[in-house]
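Scroll down for the structure; my scribbles are underneath it.
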Amino acid sequence: MFVPYWRQNSAASAVLIPGWYRIGYELTQRLIPGLEKEIRTLHKLVGNAVIDGRYLVVGTGEMQLMMAAYSTVSMEAEGLPVNVVIPPPYYDAYERQVKTIKPGTVTWGMPSLTLQNTENWIPLEVVISPNNPDGSIRTGALKHPRTRTVYDHAYYWPHYTPITGPLDDDLMLFTLSKTTGHAGSRIGWAIIKDHEVYQKMQLFVVLNSVGVSHEAQLRAAQLLRSAREGYQKAKNVGLDGVPTDYAAQQLLFHFAHTKLRSRWDRMNQLFQASNRFLIAQDRDPKYCNFFKEIVRPGPAFAWIHCQREEDKSCLEIFKEAGIVARGGARASKASRPTKIVTSKDAHSSDCWQKAWPLNKAQIVKDI
Ligand code: PMP
């Protein structure tokens, strides 16, 4: 989805790293200053998270930071079992992660009924908001007094959902994968209120992978910097004065929002003509503080119900029609709903080659 935007902004987003640059372990131990500055500035520009006075931990994607969160809660649990709970439908990679890696005292799912009403366990609720796969805006569901919560706000960016205010949860995760599209750079960050939690999360990242690759951090900093500079340029002339087609081509969030909106419009037309398939998603419009207008959410996935009893597998039906989807069973235990990825182009694998050669490459000077 993002490739045409980055192709148009090839030079501004490029990084050239000479062989002598940052060879050793030293700076991998923490978030590099250039990236920290860009993350903080971007959240302020977008207004989606409170960032002043908060600690930041960078990780190899949100997947690693989620491991750090399990480990942190497990360290503080003093031997008590920690149970990760996410109401369905949910992003199934977290279930596979816990069940396969079995971190610390952490296990997947609600404990037995006898334990549920006692103080002898720690619920760790993962609130994914907007949710993958159905795009819903979520708040915590568990009422247990010892509940610890990790908020995965990967999709709380203006292209996917209206920004209704800055979030201020204790432990929030974001990822470059959904902000700029660069999932392969494996950069995520945690915004944390509590200093001890910050220290434990950081310790996990250092012991797990001796921090995060310099190259990935430098690239992420340059990508965010170029997106931010695009907005600064537009602000200088007054965002209102920027022609709509320029904004839709040159400004990251405007670009991605426009693209998702057109995909959703096309999908809606198709699905409205069908009584066999239903888009089972709330996409009510809301005022977006960032776009300064009322907008409809444009989730990265469509959550589809197959309506007919005889359609036993939604997934198979889409597959036969040549549409790539994921079966709902992975996210919800119910086999019928299916998810279609709206943010992926069918043929994007060779796009990076077309973006080359660059007009101008640059060395990032971030320290
Ligand atoms: N959280 C959610 C809700 C996701 O959908 C994804 C990717 N599909 C991730 C986390 C993974 O993030 P990362 O690439 O930073 O590990």
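The values are calculated or read from the model by the stated rules, or taken from the named source; none is laboratory data. Quick caveat, the model's predicted, so the values are computed rather than measured. Here the Cβ is made from the backbone with ideal geometry for all residues, glycine too, and neighbour counts use every protein chain on show. The area values use the complete protein model at the heavy-atom level, side chains included, leaving out ligands, DNA and RNA. Shrake-Rupley method; radii C 1.70, N 1.55, O 1.52, S 1.80 Å.
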Of (1) closer than 24 Å to Y155 by Cα; (2) open to solvent by 90 Å² or more (accessible area, probe 1.4 Å); (3) outside the structural domain of S332 (by TED's automatic domain parsing), D282 satisfies all except one. Which? (3)
Sort out which residues of the range 237-251 are surrounded by 11 or more Cβ atoms within 10 Å (Cβ to Cβ) and among the polar types (S, T, N, Q), and write them in order of number. Q249, Q250
Suppose we filter the range 89-119 for residues that are in contact with a Phe, Trp or Tyr (Cβ under 7 Å, 6 or more places away or on another chain), closer than 19 Å to M75 by Cβ and not hydrophobic (A, V, I, L, M, F, W, C); how many remain? 2
Could you tell me whether D92 is within 17 Å of the chain's Cα centre (by Cα) and of a type in the set (D, E)? yes
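Conditions tested, residue by residue: (1) among the hydrophobic types (A, V, I, L, M, F, W, C); (2) in the same structural domain as G165 (by TED's automatic domain parsing); (3) touching an Asp or Glu at 6+ places or on another chain (Cβ under 8 Å).
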site	(1), (2), (3)
T118	no, yes, no
W121	yes, yes, no
V126	yes, yes, yes
P130	no, yes, no
R138	no, yes, no
A141	yes, yes, yes
So, in the range 263-303, of the ones that are within 21 Å of the chain's Cα centre (by Cα) and among the polar types (S, T, N, Q), which residue ends up nearest to W6 (Cα to Cα)? N289
Check T100 against each of (1) within 14 Å of M66 (Cβ to Cβ); (2) within 13 Å of the ligand (Cβ to nearest atom); (3) open to solvent by 20 Å² or more (accessible area, probe 1.4 Å) and name the one condition it does not meet. (2)
I'd like to check something: does the range 222-233 contain any residue that is more than 21 Å from K44 (Cβ to Cβ), more than 11 Å from the ligand (Cβ to nearest atom) and free of Cβ contacts under 8 Å to residues at least 24 places away in the same chain? no
Considering each of L207, L252, L176, L167 in turn, give the residue that is more than 16 Å from the ligand (Cβ to nearest atom), closer than 26 Å to S136 by Cβ and of a type outside the set (G, A, S). L252
Tell me which of these M63 doesn't satisfy, since it passes every other one: (1) away from the ligand (no atom under 14 Å from the Cβ); (2) touching a Phe, Trp or Tyr at 6+ places or on another chain (Cβ under 9 Å); (3) open to solvent by 50 Å² or more (accessible area, probe 1.4 Å); (4) in contact (Cβ under 8 Å) with a residue 12 or more places away in the chain. (1)
Checklist (1) within 14 Å of the ligand (Cβ to nearest atom); (2) of a type outside the set (F, W, Y); (3) within 20 Å of E196 (Cα to Cα); (4) open to solvent by 10 Å² or more (accessible area, probe 1.4 Å) applied to E76, failing item: (1)
Given the conditions (1) in contact with a Gly (Cβ under 9 Å, 6 or more places away or on another chain); (2) of a type outside the set (A, V, I, L, M); (3) within 24 Å of I137 (Cβ to Cβ), report the number of the one that Y91 does not fulfil. (1)
Spot the failing condition for D194; the list is (1) open to solvent by 50 Å² or more (accessible area, probe 1.4 Å); (2) closer than 14 Å to L65 by Cβ; (3) not hydroxyl-bearing (S, T, Y), and only one is missed. (2)
Only residues that are open to solvent by less than 40 Å² (accessible area, probe 1.4 Å), outside any loop (DSSP other than H, G, I, E, B) and in contact with a Gly (Cβ under 8 Å, 6 or more places away or on another chain): list them for the range 28-60, please. T28, V58, G59
If you go through the range 144-153 one residue at a time, do you hit one that is assigned by TED's automatic domain parsing to the domain that holds A68 and over 23 Å from V197 (Cβ atoms)? no
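For every residue, the table says whether it meets (1) in the same structural domain as T179 (by TED's automatic domain parsing); (2) in a loop (DSSP other than H, G, I, E, B); (3) open to solvent by 20 Å² or more (accessible area, probe 1.4 Å).
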position	(1), (2), (3)
L224	yes, no, no
K235	no, no, yes
H254	no, no, yes
L260	no, no, no
S274	no, yes, yes
Being more than 16 Å from M66 (Cβ to Cβ), within 16 Å of the ligand (Cβ to nearest atom) and buried (at least 20 other Cβ atoms within 10 Å of the Cβ), is that true of even one residue in the range 123-132? yes
